[in-house]
1. Against the condition farther than 14 Å from Arg31 by Cβ, at pLDDT below 80 and among the aliphatic types (A, V, I, L, M), how does Ala163 come out, does it pass?
2. Given region 61-133, what helices (runs of 4 or more DSSP H) lie entirely inside it while holding 2 or more residues that are touching a residue at least 12 places away in the same chain (Cβ under 8 Å) and under 18 Å from Val184 (Cα atoms)?
3. Can you find a residue that is within 11 Å of the chain's Cα centre (by Cα) and either under 22 Å from Phe40 (Cα atoms) or surrounded by 14 or more Cβ atoms within 10 Å (Cβ to Cβ) (or both) anywhere in region 162-173?
4. Hey, any hits in region 13-25 for a residue that's at pLDDT 85 or above, among the hydrophobic types (A, V, I, L, M, F, W, C) and buried (at least 18 other Cβ atoms within 10 Å of the Cβ)?
Amino acid sequence: MNKLPSQITTGSDGEAFEAAASDYRRLLLLRGMAALLFAFLVFFWPKLTLTGLAMLWGGYSLVDGVLALVAAIVGRGGAPRLWLGLIGSAGLVCAAGTLFALDDVTAHLVGIISIWAITIGAMQVWAALELRKAVDGHWILVLDGLGALLFGLALAFWPDLRAEALLWLIGWFAAAVGSLLVSVGYWLGRTTP
């Protein structure tokens with residue numbers, strides 16, 4: 001029963017996963033590249049302010065939300081469309097908040113990112129547990145979801161971080177999530193025909 005993480009089970013669950021994997025491989029790669037670009041900008045933007053971070057995060061949320069919603073709308077029946085719709089909606093709400101209330105978002109950025117990370121993490125763990133019947137490597141998505149949950153909880157428990165610490169924490173989280181999403185997208189490309 002010990003299968004390699006790259007092996008996919010057969011049957012209706014396996015077929016549904018293969019259909020979803022082929023549809024969402026590009027989505028994971030694009031979301032991962034967007035997160036990596038966000039991390040790069042956070043790390044290398046000279047003298048990035050909290051307002052600048054809020055604007056960057058709003059842009060990242062917009063891109064991530066649009067990608068997830070488009071995938072939810074055009075996805076096949078076996079795909080995790082509800083999960084993608086919720087993630088996309090969360091991203092668009094955050095982006096809209098940044099666009100229409102930048103000062104408020106900047107003042108409460110740590111709390112907003114904390115809630116967003118906890119929500120996204122919970123949805124990713126839920127989706128990974130749904131996929132556990134179809135793929136042995138679902139633990140990768142569980143790890144990503146748990147990482148987002150822990151990040152969100154860390155921000156919730158330490159909301160008064162200094163600006164430099166906040167920038168580095170958010171940058172490293174974005175880099176980790178982006179790397180994981182790109183890895184999963186690449187892995188799906190190797191496991192599906």
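1. Working: farther than 14 Å from Arg31 by Cβ: yes; at pLDDT below 80: yes; among the aliphatic types (A, V, I, L, M): yes.
Yes: the conditions hold for Ala163.
2. Hits in region 61-133: 81-100, 109-131.
3. Yes, that holds for at least one residue.
4. The answer is no; no qualifying residue exists.
The values are calculated or read from the model by the stated rules, or taken from the named source; none is laboratory data. The shown structure was predicted, so the numbers you read here are calculated from the model rather than taken from an experiment. All Cβ positions, glycine included, derive from the backbone under ideal geometry; neighbour counts span all protein chains shown.
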